[in-house]
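These notes concern the structure reproduced below.
Read-outs: derived from the displayed coordinates by stated rules, not from any lab. Just so it is clear, the structure is predicted and the values come from calculations on it, not from any experiment. Positions of Cβ are generated from backbone atoms using ideal geometry, with glycine treated the same way; all protein chains shown enter the neighbour counts.
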Amino acid sequence: MTDISWDDAFCSEGANCFRFGVDGEGKAYIGTTETGEYVADSMEALRALISAVKAGAADHLL
C-alpha cells in the first residue's frame, strides 16, 4: 500500500470533498474523501491539469 501524505480536503456545498496528496517518491494524487478512491500521476501532470482547469478547459462540465 502506498503511503500518501494528504492535504486538508476542499469541500463545496453539498459536501463534495476532494484532496491532494503526494507520496515519498513525489507522485501526485487527487482523491475523494467519500469513497477514498484517487487518481495518481506525476507532479508535472497534476500541475498541467490544474492549469487547464483554471483556464476553463473543464467549464463545459459545470
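List, please: which pairs have Cβ atoms under 6 Å, are six or more places apart or on different chains, and start with a residue in region 44-55 that is within 23 Å of Glu25 (Cα to Cα) and end with one that is of a type in the set (Gly, Ala, Ser) and surrounded by 10 or more Cβ atoms within 10 Å (Cβ to Cβ)?
Short answer, once both residue conditions are applied: Leu46/Ala28.
Within region 1-19, work out how many residues are touching a strand residue (DSSP E or B) at 6+ places or on another chain (Cβ under 6 Å) and under 25 Å from Leu62 (Cα atoms).
Selection size over region 1-19: 7.
Just to be sure I understand, how many residues within region 1-32 are closer than 16 Å to Met43 by Cα and of a type in the set (A, V, I, L, M, F, W, C)?
Summing the residues that are closer than 16 Å to Met43 by Cα and of a type in the set (A, V, I, L, M, F, W, C) in region 1-32 gives 6.
Could you pull out every one of the strands (runs of 3 or more DSSP E) wholly within the chain that has 1 or more residues that are of a type outside the set (A, V, I, L, M, F, W, C) and under 12 Å from the mean Cα position of the chain (by Cα)?
Once the strands (runs of 3 or more DSSP E) in the chain are filtered for at least 1 residues that are of a type outside the set (A, V, I, L, M, F, W, C) and under 12 Å from the mean Cα position of the chain (by Cα), what remains is 17-23, 28-32, 38-41.
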